[in-house]
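Structure first, commentary second.
What follows draws every value from the coordinates through simple rules; no lab data is involved. Predicted, not measured: the structure shown is a model, and the values here were computed from it. Neighbour counts run over all protein chains shown; Cβ positions are idealised from the backbone, glycine included.
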Amino acid sequence: METTIYEDRAREILGEIKQLIEVKGLDLPTALEETGFRKELAEEVFDQGKLPSLIEFLGLCQIAGIPFQMPTVETPNTPM
């Protein structure tokens, strides 16, 4: 099955997240549970290659210590 450039890059980033978590010496399943995610998510993402949802991805970034801020979009109801 062919993947897109976005999926390939997402997997690269997930590899970097895994390395950061390992360097920090964190137990990923425990950290996931502490942040409200299923501990099985670690196995699904890092062992089985499943791409996480955006919310799960942001949670993994938080655990790894990667600051992430969603861009602000100006709309008529939310002026900047």
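Could you work out the relative contact order of the chain, using alpha carbon pairs under 8 angstrom and six or more residues apart, expressed as a whole percent? Numbers along the way, then the final one.
On the way: 44 pairs, mean separation 21.8, N = 80.
RCO, the chain: 27 percent.
If you fit an axis through the alpha-carbon atoms of helix 54-64 and take the longest principal axis of the Cα set of the chain, what angle between them do you get, 0 to 90°, nearest 10?
60
Hey, any idea what Rg/Rh is for the chain, computing Rh the Kirkwood way over Cα pairs?
Taking Rg over the Kirkwood Rh, I get 1.06.
As I understand it, the dipole of the chain uses +1 on the Cβ of Lys and Arg and -1 on the Cβ of Asp and Glu, about the Cα centre. Which of Ile13, Leu41, Gln69 lies farthest toward its positive end?
Working it through, the farthest residue towards the positive pole turns out to be Gln69.
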